[in-house]
Structure formats: C-alpha cells, structure tokens
Amino acid sequence: MSNTLHEMDTLQYVSSTDTQKELTKNSQDSPIPMLIIQNHADLGRIGETCRMDGLLTGQVLQLARNQLDFCQAQSPIGTPLADPYLSRSPILLSALSSGEIKFDKAENKTPVTVAGLPVESSLLISQDQLSTGVIIELGKRVTLLLKSFPNSQAKTGDDFGMIGISSKLQLVREKLNHLKGLDGSVLIRGATGVGKELVAKAVYDVSSRTDKPFVKVNLGAIPPSLATSELFGVQKGAFTGADKDRKGYFAEANGGTLFLDEIGEASLEVQSLLLRVLESGEFYPVGSGKPKKVDVRLIAATDVNLAKLCQENKFKAPLLHRLENYEINVPSLSERSEDIGMLLLHFAEQQYQQMDRPFPQTKSDTPWITNEVMRSLLSYSWPGNIRQLKNIIHQLLIDNLSSEQLFLSEHLREKLIENDESKPESTFNKTAKQKKRKPNTVSREELVEELKNQLWELQATADQLNISRTSMYELMKQYDIKSAHDLGIDEINLSYLKCDKDIDKMVLDLKVSKYGLKRRLKELKL
C-alpha cells in the first residue's frame, strides 16, 4: 500500500483493540489533525478550527451540516458548519495506526473533492500530506483545509497585528512575548514579502522605547556611495555641497529604535561602522573627527544567508554575532496556508475601505468567495509571500467590483494555476494532480451533457472533463455552443417573459451559466 492519496473501495474502520491502543499510546506527542474553514457563505466563520483529537484515540468522527463543531481561536464554544446546502449525512474520518487518515464519503450526497479530485467512495491521506495541508471542498460553498498542528502549539493572547492561526506564526508571537521589556539587538530572518517590517514594528511595540523614535531604513535602496552619510550624517564642509550639518538615521533614532532592512546589502565599510556603534555606542559623522554618543536599539532584517556571506568574506562575522543577540524567523506563506482565508478577508476589507465602498454582505444563498478562487489561492506556492498575496487580492477585487461573487479572471487563473512553475512537485502534488485531457478527445455530445450536469457553469464543466478553461472556450467555439456573452437583448427579453422573470429558469432556457447571464444583463444594462 502506498503512502500517497489514493482511492479506497474497501477498508475496515479503525476498530481493533490493538490499533486503538497504539493510537492512544502515541496520541500525547502526535500532531493534532485540524480542519480550518477557508471559505464559507458566512464570512465571519473563515478561520474557525476544529481540533480532531478523537482521531488519535481511535474515534470515528463525522463531518456533516450539523456535525463537528468549529470555533474561533482559543474559544471553547463551537458550532457546526450549518450550511443549509450541505448534506446531513456524514463524511466519516478515522485514523490508522500508520498515521494515515481515512476519508470516507459514505452516504453523503454533497459533491466532494479532496485536493481537486472528486471523491465517490473513500481515500487515504498520508502524514506528509497532512503536514502540507489537504484542500477539501464541500459542494461549491465550503472549503476546508485539513492539516496537522503541533500538539504543544504555543498560545498567546496578543496577536501583535499579525493575521493567522498557524503554528509557525504562533511561534513568532511567542518570541515577541519573550522580548517584552528587553533592549538588545534583534535579527529578523525571512524571505522577501513575509512581513519582516511588521515583526520589527512589533519588537519596537513591546520594548521600553515606545515613546521614542522608530526609524526605518532599507539599506538595499540606498546607493553604496551614500550609505555612510545617510546613516551617520554629514558635518558642514565635509565635501562640496555640504553647506550645513545634516543628521543621519542614527542621530534621528537616538533614544529609540533603528530598523535596518536588508542588512545583507550593507558594504564592508558600513558594516565596520555599524560594528563600532554596537560596541562603543558612538559614531563619526562624515567629515568629523569628533565622535558622537548615541543610544539606539538596533533591529536588522535579511532574506539572505549571512553566515554564508561571512564564509565568502562579504559580511563581517563579529557584526553577525552582535546582531544574533536574538533571532526571529518569519515563516513563508507556503508554510502557513491555513492563514490564507483570513488574510484574504483582511486585505479585502482594507481595499474596500480605501475605495470607500461597503464590504460585501454575507449571503447564505450566494457565497461571496467561490471555491475555485480559494482552491487556487491555497494551491499556489506564493514565491512573493504576503506581499504577492495582497497584490493578487487587489487584482481579484478590481476584476469583480460589479459581480456578486469573486471569480478568477483568465489572467489570474493562468497566473495562479497554469504557470505555477516555482512550486516544487511533492509526493502529494504528483499524486493529486491529474494530467489534463486532450480537448480533441471531448465530443460535442459529451460536452453538452456535462454542461447540463453542471448547470452550464464553465469552470465546473472544465474540471469534470479534466480540461483547461481555455480549452472549454475553444471547444464551445468549435462546436458552435453559445455562451452568455453571445446573448442578444431580444433573446434575453423573450426568455425573461417565458420564464416568468425567474433567473434560474432562464439559465436552463438559455443554456448559459447563472453568473454569465447576470454579467451579460449588467453589460446590456437590463
């Protein structure tokens, strides 16, 4: 039996005494499987979690409309998914002694996909897949992420303005708590776009210098020839054009905190001067022979391996040792996929506020976020991390300002799905990702039949046929199958009267998607 996601037609539930004893024995230190709501018609429920400790003691858990409670972080009170469009019949979840989790659709009538694959019976989810996170979609309305969390996950009361519930983000918060009232230098490590500046601000906020200046400097944005004068200031007459004394960043930050981003970009000369300041508390402005005393708490950040730069004689080891007084490692977005739903809401609310537009209201009949959008965001590798996610969400909102739901434009779909070449292929991806079907193998009859089955929704039809959205458009054009964009005013008005003003009946009559029809109505100002 392989250790990958695969279909299981026959497998007994975990029920033997020996297996239950083994699960119970290992449950104390084992990671806890958790379900996190990433998409729900009630937007306020995104980010709620369900700890499934019972799986580790041999219990069979039941996931359905009114079974399994989800709650906000650190809240003891939970409620089930309670979506009226979900089946009351439960999906059964059980654990094996191998650490795999069995996912059994059983009698549940809701269309279910796991990692993008339709589930008709049951499948196994491996420990490796649990550590990465497995996307579960219930119908077109709810998206869950099944992921394992450390049993000893750190818990803090203050979120420091950081959005998310991931275990690695909790460790960052825990480290910030350790720094309360302390005054030494701090080195923040993390890839570009992860939010190192936000962490630096949090370090400042928990210090005893919050009533003093917080000065931010990006060393990567300062030309090497100007770095010394920018940091340490200039004395009048130091060079042509220096007609007066000018403060540097260290003088501006005196008594407070100086945040040096991209510290790895500093020249060796600047590194020597930084080391002098850290060791002696004094510096020389350019052109001055008299040192100036300064009291600055230094926070530095980098996305490069400074130890490697030291080996290459590009970074001074003594300076690194000074900076490493305390380290905080900020996780990449791909390591905290469970936070993406909450981040989407956070950035969307910010964007709507900036545009002075009311935030979309929760509707039980039409979820604002489509599952396709959430699946794409959860599956993407995010090489640009939080910064890139914020930009993508900005594009997503602008594309859908006139829509009741968030849909992927062709540009974003291509960017997030088809061109995700930066994501390394894991065992999970190789198993879950099916090779796309050749469009010329899809007949007109099969295409029309599937369009009917999916109520003329193009993406859902493409998913079921295992072809790309682009191929869908090509086939529709080839087989002369109209889309909502092809509808004329007279045809729409006739259907409007024929269907007694019922848009759902119009969808069936005109043979186009509901979303496409609504969009066409707006285009024609009907």
Exercise. Does any residue of segment 302-320 turn out to be over 34 Å from the mean Cα position of the chain (by Cα), among the β-branched types (Val, Ile, Thr) and assigned by TED's automatic domain parsing to the domain that holds Arg246?
Worked result: no
Exercise. How many residues does segment 256-294 hold that are surrounded by fewer than 22 Cβ atoms within 10 Å (Cβ to Cβ), under 39 Å from the mean Cα position of the chain (by Cα) and in a loop (DSSP other than H, G, I, E, B)?
Worked result: 3
For this session: Mind telling me which of the residues Glu425, Glu414, Glu372 ends up being outside any helix (DSSP H, G or I) and at pLDDT below 95?
Result: Glu425
For this session: Within segment 55-72, identify whether any single residue is touching a residue at least 60 places away in the same chain (Cβ under 8 Å) and either in the same structural domain as Pro360 (by TED's automatic domain parsing) or part of a loop (DSSP other than H, G, I, E, B) (or both), and answer yes or no.
Result: no
Exercise. Mind checking which residues of segment 474-490 are of a type outside the set (S, T, N, Q) and touching a residue at least 12 places away in the same chain (Cβ under 8 Å)?
Worked result: Glu474, Leu475, Met476, Tyr479, Ile481, Lys482, Ala484, His485, Leu487, Ile489
Exercise. Out of segment 453-472, which residues are in a helix (DSSP H, G or I) and either within 20 Å of Ala115 (Cβ to Cβ) or in contact (Cβ under 8 Å) with a residue 12 or more places away in the chain (or both)?
Worked result: Leu458, Gln459, Ala460, Thr461, Ala462, Asp463, Gln464, Leu465, Arg469, Thr470, Ser471, Met472
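Tell me which residues, restricted to segment 433-448, are out of contact with any Asp or Glu (no Cβ under 7 Å at 6 or more places or on another chain) and either surrounded by 13 or more Cβ atoms within 10 Å (Cβ to Cβ) or aromatic (Phe, Trp, Tyr) (or both).
At the first step, the residues of segment 433-448 found to be out of contact with any Asp or Glu (no Cβ under 7 Å at 6 or more places or on another chain) are 433-438, 440-448.
Lys433, Lys436, Arg437, Val442, Arg444, Leu447, Val448 - these are the residues of segment 433-448 that are out of contact with any Asp or Glu (no Cβ under 7 Å at 6 or more places or on another chain) and either surrounded by 13 or more Cβ atoms within 10 Å (Cβ to Cβ) or aromatic (Phe, Trp, Tyr) (or both).
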Exercise. Hey, among the residues in segment 21-74 that are modelled with pLDDT of 90 or more and among the charged types (D, E, K, R), which one's surrounded by the most Cβ atoms within 10 Å (Cβ to Cβ)?
Worked result: Glu48
Exercise. In segment 38-52, what residues are touching a strand residue (DSSP E or B) at 6+ places or on another chain (Cβ under 6 Å) and either more than 18 Å from Ala106 (Cβ to Cβ) or not in a loop (DSSP other than H, G, I, E, B) (or both)?
Worked result: Gln38, Asn39, His40, Arg45, Ile46, Glu48, Thr49, Cys50, Arg51
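The values are calculated or read from the model by the stated rules, or taken from the named source; none is laboratory data. Since this is a predicted model, take the numbers as computed values, not measurements. When we count neighbours, we look across all protein chains shown, and the Cβ atoms used for this are built from the backbone with ideal geometry, even at glycine.
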